[in-house]
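Heads up: the structure comes next, in structure tokens.
Derivation of every value follows stated rules applied to the coordinates shown; laboratory data play no part. Computed from a prediction, not measured in an experiment: that's the story for all the values here. For neighbour counting, all protein chains shown are included, and Cβ atoms are generated from backbone atoms with ideal geometry for every residue, glycine included.
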Amino acid sequence: MTAAVLAIAMLPSLSGISTPSFPTLSAPTLHSPTNPAQIFDPLKETPAGKDLRMQWWREARFGMFIHWGLYSIPAGEWNGKNYPGAGEWLMNNAQIPVADYEPLQQQFNPVKFNAKEWVRIAKEAGMKYIVITSKHHDGFALWPSKFGTWNVGNSPFKRDPLKELADACREEGIKFCLYHSILDWHHPDFLPREGWDKRPTTGADFNRYLTVFRGQLDEIMQNYDPAVLWFDGEWKGWSHELGMQTYRDLRRKKPSLIINNRVDVGRAGMSGSTAEGHVGDFGTPEQEIPANGFAYDWESCMTMNGSWGYHKNDTNWKSARTLIENLVDCASKGGNYLLNVGPTDLGEIPTASIERLAEVGKWMKRNGESVYGTVAGPFKRPMPWGKVTRKGNTLFAVVFDEKADKIELPGLKSKVNTANYLRERALLITEATDRGLTVDLRRTGEPGEIRVVQVNLAEAPLVEDVPLGQDADGNVMLFSGDAKTTGNTRFEADKKCLGFWTDLASSATWEFAVKKGGSFKVEVEYACEEDSSGATIGLSIAGRALEFEAQGTGGWSSFKKVTLGPIEIDSDTKATAMVVAKSKPKYAAMNLRSVRLVKSP
């Protein structure tokens with residue numbers, strides 16, 4: 001690839017940090033013809049052009065995030081004190097002066113780093129791309145940059161880990177991608193500074209920082225040719241204008257490049273759309289999976305424990321099963337899953353991460369067809385038993401519920417040709433009902449296995465909206481993922497609940513139908529941290545008012561059931577159920593998993 005002088009071409013003229021102005025590009029780029037009217041403009045890309053550019057990324061669905069740098073050495077501790085949370089934020093969390101942080105550079109010597117081993121771990125887990133931190137917020141460059149000395153080339157290690165990893169990725173057919181921080185706590189010209197940084201700002205010049213920032217972008221583009229640039233740290237010192245020009249110039253340098261939405265500011269709602277004038281090819285929800293996905297490309301980035309960078313005191317690891325469920329959850333809503341590992345200061349991926357990735361890989365080898373190249377399932381609300389992905393006229397029902405012997409695909413009206421467990425020829429019994437399609441699962445797979453049912457349709461899936469109703473026993477299940485919500489509360493896929501119930505304006509509402517009325521007990525499944533107990537929870541169900549006090553259950557992930565009622569509901573009734581917090585003495589009211597109406601015999 002012909003290199004462009006990006007450091008010059010991308011450098012704006014600024015008259016103060018807040019009022020940048022952008023001249024016409026003065027340096028040649030890869031696609032700069034003599035006629036200015038023919039200059040490639042990424043912001044005028046056709047939908048078909050973007051579809052072609054994004055094709056590999058949409059098909060991949062699963063990638064590895066790697067946070068690695070100087071922060072891996074203290075690993076969450078400073079001067080004998082443990083700092084919980086993200087290890088890569090240690091410089092900020094411990095308010096470490098630059099002069100005290102800099103000696104870490106001479107301690108960075110990851111002698112056990114093996115790029116081929118990292119790529120092998122990712123590939124065997126079923127991951128199709130790797131995103132590694134070329135530079136995080138501490139400003140340390142993980143390659144031997146020509147801009148300054150704050151980089152790996154001036155550490156005892158001296159090697160170029162980005163080149164080694166890029167080469168290893170290409171040998172194994174893995175897409176190599178780079179994370180790059182806009183924010184920089186180390187560089188003396190980055191403004192505005194953090195409050196704890198007491199260095200004088202006299203003489204600091206944000207223009208000079210931009211020269212280095214753009215020059216380093218040019219280096220990593222030219223040296224490593226990343227498939228994705230994953231920006232972060234855009235909330236300080238950055239502007240929409242800077243984001244627009246950065247996006248435009250990078251895409252002119254490499255038209256096939258994919259860039260996340262954090263190249264721009266104002267990512268409220270995690271928008272990846274350019275419809276409102278903001279640039280970026282995909283949205284980036286962090287540490288969460290959106291309840292209903294988005295109408296544009298998106299990728300959930302999540303940790304295995306509570307930290308991105310290595311934190312030696314954080315052993316709160318998610319299970320392999322949770323990681324698989326998160327991956328499928330993302331795919332079922334049309335999104336990707338970027339799962340993080342934080343290597344140690346010696347360059348090793350933690351054993352706990354390797355073990356979990358190996359388990360995910362075993363499942364993906366058997367069931368990857370239900371993830372790779374799929375799009376969002378056609379159903380509007382979550383299923384109580386699992387998730388659904390789609391590939392053409394084939395639906396993949398991924399069953400999380402180990403005890404389920406039947407599943408329902410509500411509202412499915414398309415003709416079904418066959419249904420079978422993935423990789424098995426024996427057919428499963430299906431039944432079309434007025435509520436959709438029921439599949440009998442009693443030919444179970446391995447105990448505890450997350451099963452995948454392949455439903456082959458004769459046509460494109462046609463799904464009608466079916467109101468929540470009674471099961472065969474007359475019970476009504478109001479699952480948290482089906483609720484319409486207000487306020488701060490939102491669906492947490494890993495806990496399968498409505499969490500962040502931190503304000504009294506939050507509510508959850510369901511509409512449902514009761515064909516056979518009678519007496520119903522009301523079961524509420526919820527969780528509550530001990531130090532947040534005491535909230536008064538109110539329920540209104542078919543016009544009947546109930547309430548209970550949410551007591552501590554042992555934690556936000558420890559769910560228990562409370563039984564209320566009974567209440568009477570007439571036959572042939574269309575009803576509404578609403579849950580609110582009437583009082584909230586502490587941080588949050590509860591995590592709500594479900595409300596179940598159990599019909600009396």
Review point. So which GluC sites (Glu not before Pro) in the range 445-514 pass both tests, a DSSP loop state and at most 12 other Cβ atoms within 10 Å of the Cβ?
Key: Glu459, Glu464
Check your understanding: To one decimal place, what orientation-averaged projected area in nm² is obtained for the convex hull of the Cα set of the range 286-330?
Key -> 3.6
Study note, to complete from the structure: Cβ-Cβ cut-off under 10 Å around Arg442, Lys and Arg +1, Asp and Glu -1: the net charge is 0
Point to revise | the range 49-97: trypsin sites (Lys or Arg not before Pro) falling in loop per DSSP and having at most 14 other Cβ within 10 Å | key: none
Review point. Within the P(r) computed for the range 84-203, what percentage of the Cα pairs occupies the region above 24 Å?
Key: 36
Check your understanding: Amide H to amide H under 5 Å from Met304: which residues, 5+ apart in sequence or cross-chain, H placed 1.01 Å off N in plane?
Key -> Asn340
Practice item. Provide Rg over Rh for the range 477-524; use the alpha carbon set for both Rg and the Kirkwood Rh (inverse mean inverse pair distance). Key: 1.04
Review point. What aspartates and glutamates could a cross-link reach from Lys391, if we take a straight Cα to Cα line under 20 Å and drop same-chain neighbours fewer than 8 places away?
Key: Asp51, Glu59, Asp297, Glu299, Glu325, Asp329, Glu369, Glu408, Glu424, Glu459, Glu464
Check your understanding: Rounded to the nearest 5, what % of the DSSP beta bridges within the chain are antiparallel ones?
Key -> 75
Check your understanding: Assuming R0 = 41 Å, what is the FRET efficiency of Met578 and Glu102, from their Cβ-Cβ distance, to the nearest 0.05?
Key -> 0.15
Review point. How far, in degrees from 0 to 90, does helix 47-60 lean away from the longest principal axis of the Cα atoms of the chain, to the nearest 10?
Key: 80
Study note, to complete from the structure: Both in Å, the radius of gyration and Dmax of the C-alpha trace of the range 331-397 are 15.3, 48
**Study point:** Charge tally in the Cβ shell below 14 Å around Arg208, where Lys, Arg are +1 and Asp, Glu are -1, Arg208 excluded
**Key:** -2
Exercise for review: Taking the Cα atoms of the chain, report the difference between the largest and smallest coordinate on each principal axis, in whole Å and largest first.
Suggested key: 78, 54, 47
Study note, to complete from the structure: Between the alpha carbon centres of the range 63-124 and the range 212-250 the gap in Å comes to 23
Point to revise | Estimated D of the range 57-143 in µm² per second, where Rh is the Kirkwood radius over Cα pairs and Stokes-Einstein applies at 25 °C, 0.890 mPa s | key: 167
**Study point:** Sequence-separation-based contact order of the chain, relative, with Cα cut under 8 Å and 6+ spacing, percent
**Key:** 11
Revision key, fill the gap. 1/(1 + (r/R0)^6) with r = Cβ-Cβ of Arg443 and Lys362, R0 = 30 Å, i.e. FRET efficiency to nearest 0.05, evaluates to 0.90
Exercise for review: Specify, per residue and in Å³, the volume enclosed by the convex hull of the alpha carbon atoms belonging to the range 377-457.
Suggested key: 86
Review point. Against the longest alpha carbon principal axis of the chain, how many degrees, from 0 to 90 and to the nearest 10, is the axis of helix 351-367 turned?
Key: 60
Review point. Which loop GluC sites (Glu not before Pro) in the range 275-314, with loop taken from DSSP, have no more than 15 other Cβ atoms within 10 angstrom of their Cβ?
Key: Glu276
Check your understanding: Dividing the Cα radius of gyration by the Kirkwood radius, what Rg/Rh value follows for the range 476-599?
Key -> 0.96
Check your understanding: All other residues with a Cβ under 9 Å from the Cβ of Ala432 taken together, and with Lys, Arg as +1 and Asp, Glu as -1, what is their net charge?
Key -> 0
Exercise for review: Please list 179-187, 167-175 highest first by mean number of surrounding beta-carbon atoms within 10 Å per residue.
Suggested key: 179-187, 167-175
Study note, to complete from the structure: Helix 161-171: inclination vs the chain longest Cα principal axis, degrees, rounded to 10, gives 60
Exercise for review: Note down the magnitude of the dipole of the chain about its Cα centre, charges +1 on Lys and Arg C-beta and -1 on Asp and Glu C-beta and zero elsewhere, to the nearest 20 debye.
Suggested key: 860
